[in-house]
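Have a look at the structure below, then the notes.
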2 protein chains.
Amino acid sequence: MKVSELGEFGLIELLSQTTQRHQHAASPAWKNLVVGIGDDAAAWQTDAPLELVTVDSFIEDIHFTRELTPWHELGWKALTVNLSDIAAMGGVARYAVVSLAVPPETEVSDLTTLYEGMAELADETGVAIIGGDMSRSPQVAINITVIGNGGHGREVMTRSGARIGDRIAVSGRVGGAGAGWEILRNHQHHDEAAATRLVELFQRPQPRLAAGQQLLRDGIHCAIDISDGMVNDLGHICDASGLSARLEIDRLPLYEEAKQIFGERARDLALSAGEDYELLFTGPEATIHQAAARTDCEITIIGEMIPAASDRVSLVNHQGRPYRIACGGWEHFSGQ
Amino acid sequence: MKVSELGEFGLIELLSQTTQRHQHAASPAWKNLVVGIGDDAAAWQTDAPLELVTVDSFIEDIHFTRELTPWHELGWKALTVNLSDIAAMGGVARYAVVSLAVPPETEVSDLTTLYEGMAELADETGVAIIGGDMSRSPQVAINITVIGNGGHGREVMTRSGARIGDRIAVSGRVGGAGAGWEILRNHQHHDEAAATRLVELFQRPQPRLAAGQQLLRDGIHCAIDISDGMVNDLGHICDASGLSARLEIDRLPLYEEAKQIFGERARDLALSAGEDYELLFTGPEATIHQAAARTDCEITIIGEMIPAASDRVSLVNHQGRPYRIACGGWEHFSGQ
């Protein structure tokens, strides 16, 4: 059945049922909910001293193509993008509202699959999807707002919290999503298991919520998530903190699968492709080591914050020689 | 200058300056802000026991046309739509995040005008615009999320709060926006002052925040805002409350200007055109009278909630005879 046959209110009803069927009401978010889907606004009780909000849009042929990202993964990923922003603040994600715009000829079953993907991740992360908006549009556009609380009282991690001499560290491994995207785009045949793993990293990225909360608790005050490309995102930290950064490219924690398939290019993908949704953060070396010991993901030191220089981010190899990458990160309107 | 020439980050910087220049930092929302535009998420301190969230999208050629709504009014109205949802809950609007998608060939000056319109209304209503998202898209799409607090402790007005015998009342006057839209669409020449007034009602609707808060304080528990058309919106109250409604069409508070230009059709516009963003609410007659005395806008009783019947909403004239309108309210995907 097409969306045009079911109609707006039928679709809202169906998708709200889909969302609720795939979410368990055990999380604090659900317990505190006073008014959910179906009223003018959603409402919940809270006693948290700090509230967080973030919004991201996911637009067809701009942020994703239906060819490379199936509907279930699209729902998962559209929510990850937002949860990752809350993770980068060290926050706890609580509620999501979803504004969906679709062409009338969209299959209803594709949209229920989309919402299943979204609800699956919401359920895993204790987030309640409590409302939204539905409209017609020439292309699919998913706009998600996530609301959270401070994960550690009134504190947050910001982009502006870096200090000279801070080490730069990253959670997990990087370049996997970029490698997965390349594999999907080029329809290349590779080692099947390696390719599958990398494609999964592109299609189902994990938001680092628990790691973000732990970093904040352990005294990290500066973080960003890797969405636009590591060099670009580190540039945002530099701008906000009024500093520059030196990145040691031989220290990057790359995926074995990416090295296996892409060789030397795996490093450039890690530096510029983005969409890894790992946390990039800075702090004193001892603080990072302490946080790393208590975090359930790999933490790797990859560079250092330095006084503001002509290059915002300079890349050096293990001999201290400058390194140049082939292409930059993502920017809208730039014709990329 | 086109958006494509300025680039994403330049545009974000410019629009964030525009927003901040037109908002005064005196409201509690600004005072409690910890992290504003430019980080992964915005953050603020709060001690409110109840939080509210609502989201609405405003998409070109679906919800608006650039021909009928100039950029400044577009910004104003896109925010009104959301503030009106908070008003319908009896809440206090605090923060807004704006997700904007535009074609690369859009003029930057049009977007600053859009944000000025948005910031003007935000400033008037004590709302702080604290973040957002920017992307490329084939058509203009404005997606706003507004976060608020309960206006009266832990209580809210909902669509499901109607009881049998409740009177149905409406704030202000109705049908003005629909009349203004008709005037714009048909390029008709009318009495200039009347036409100007009606067009203003369509382009710059006022969210009824203060009235909503007062209604809740005075014991009203059921409300909705008129966006899709009065009959449609009353139908939502009926569905949520498991009741039907009888509307006395001769009691509708119409605009003199609309009657002057549209005669008898002014009533149909009030019943079905929507976009008035007045509050439609129900309660015991004495409660409504008491609330009306303390509210700074007109309140008119226009009907009664009755046990569920085959017609969700029945329209009767002053002689009790059934009345039929020419066209229904707004629904997406229905080919309207």
Antiparallel content of DSSP bridges confined to chain B, in %, to 5: 75
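Before anything else, pin down the relative contact order of region B:120-236: Cα pairs under 8 Å, at least 6 apart, normalised by residue count, whole percent. Write down the numbers at each step before the final one.
Values: 63 pairs, mean separation 37.7, N = 117.
After rounding, I find 32 percent.
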Viscosity 1.306 mPa s, 10 °C: Kirkwood-radius Stokes-Einstein D of region B:180-268 over Cα pairs, µm²/s: 104
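For the ranges B:244-255, B:50-61, A:31-42, what's the packing order if you count other beta-carbon atoms within 10 Å of each residue, average per peptide, and put the highest first?
Values: B:244-255: 18.9, B:50-61: 23.7, A:31-42: 20.7.
Those peptides, ordered most packed to least, come out B:50-61, A:31-42, B:244-255.
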Within 10 Å of each Cβ in A:114-121, the average number of Cβ atoms from other chains: 0
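Kindly state, to the nearest 0.05, the FRET efficiency for B:Glu264 paired with A:Glu13, given R0 = 41 Å and r defined as their beta-carbon distance.
Numbers: r = 36 Å, r/R0 = 0.87.
Approximately 0.70, to the nearest 0.05.
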Inverse mean reciprocal Cα-Cα distance (Kirkwood Rh) of region A:116-268, Å: 18.1
Eligible lysines near B:Lys2 by straight Cα distance, threshold 24 Å, same-chain separation 8 or greater: B:Lys77
Copy-to-copy label separations for A:Cys297, where each label sits 7 Å from Cα toward Cβ, in nm and ascending: 4.7
Per principal axis, descending, Cα span of region A:1-65 in whole Å: 43, 28, 23
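What is the magnitude of the charge dipole of chain A about its Cα centre, with +1 placed on the Cβ of each Lys and Arg, -1 on the Cβ of each Asp and Glu, and no other charges, expressed in debye to the nearest 20? Provide the component values of the computation, followed by the final result.
Working: 26 positive and 47 negative charges, 191 e Å.
Dipole magnitude for chain A comes out near 920 debye.
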For region A:67-119, alpha-carbon Rg and Dmax in angstrom: 12.6, 40
For B:Arg324, label point 7 Å along C-beta direction: distances to other copies, nm: 7.6
Region B:126-215: equivalent-ellipsoid semi-axes (sqrt of 5 x gyration tensor eigenvalues, Cα, Å): 30, 25, 13
Positive-end extreme of charge dipole, chain B - chosen from B:Gly10, B:Leu216, B:Ile62 (charges on Cβ): B:Leu216
Label 7 Å beyond Cα on the Cβ vector: A:Arg217 copy-to-copy distances, nm: 4.3
Virtual spin-label span in nm between B:Glu298 and A:Arg185, 7 Å along Cα→Cβ: 6.0
Projected-area average for region B:181-336 over all orientations - Cα convex hull basis, square nanometres: 10.2
Equivalent ellipsoid semi-axes, chain A, via Cα gyration tensor eigenvalues times 5, rooted, Å: 34, 25, 16
Zone residues, region B:242-273, relative to B:Val316, backbone N less than 14 Å from point 7 Å out along Cα-to-Cβ: B:244-251
Using alpha carbons only: equivalent-ellipsoid semi-axes of the protein assembly as shown, gyration tensor based, whole Å: 47, 24, 24
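Where does the charge balance sit around B:Leu121 when Lys and Arg score +1, Asp and Glu -1, over other residues with C-beta under 12 Å from its C-beta? Spell out each step's value before the answer.
Values: positive: B:Lys77, B:Arg204; negative: B:Glu73, B:Glu116, B:Glu120, B:Asp123, B:Glu124.
Local charge sum for B:Leu121: -3.
Average partner chain C-beta neighbours within 10 Å, per residue of B:126-135? Please list the in-between numbers first.
Values: counts 0, 0, 0, 0, 1, 6, 4, 12, 3, 10.
Per-residue shielding by partner chains comes out at 4.
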q = 0.16 Å⁻¹: log10 I(q)/I(0) that the Debye formula gives for region A:1-122, counting C-alpha atoms only: -0.87
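Using a 10 Å cut-off on Cβ atoms, rank the peptides A:98-110, A:298-310 from the highest mean neighbour count down.
On the way: A:98-110: 19.1, A:298-310: 16.2.
Ranking, from highest mean packing down: A:98-110, A:298-310.
Once you charge only the Cβ atoms, +1 for Lys and Arg and -1 for Asp and Glu, what is the size of the charge dipole of region B:220-287 about its Cα centre, to the nearest 20 debye?
In total the dipole reaches around 180 debye.
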Inter-label distance, nm, simple model (7 Å from Cα along the C-beta direction), A:Arg21/B:Ala210: 4.8
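Hydropathy first: keep DSSP H helices in chain B averaging at least 0.0 on Kyte-Doolittle, then drop any whose Cα extent along the axis falls short of 18 Å, and list what survives. Intermediate results must be reported in sequence, preceding the final value.
Values: long enough: B:8-21 (20 Å, -0.17); B:71-88 (26 Å, 0.23); B:108-125 (26 Å, -0.06).
Once both thresholds are applied, what remains is B:71-88.
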Total formal charge among the other residues, if their Cβ is under 10 angstrom from that of B:Ala240, Lys/Arg +1 and Asp/Glu -1: -1
Neighbourhood net charge (14 Å Cβ-Cβ; Lys/Arg +1, Asp/Glu -1) for B:Tyr323: +1
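Mind ranking B:18-28, B:169-179 by how tightly packed they are, going by the mean number of other C-beta atoms within 10 angstrom, highest first? Each step should come with its number before you reach the end.
Numbers: B:18-28: 16.1, B:169-179: 26.7.
Packing order, densest peptide first, comes out as B:169-179, B:18-28.
No value in this document is a laboratory result; all are computed from the given coordinates. Just so we're clear, the structure is a prediction, and the values are computed from it rather than from any experiment. Glycine also receives a Cβ, built like all others from the backbone with ideal geometry; neighbour counts cover every protein chain displayed.
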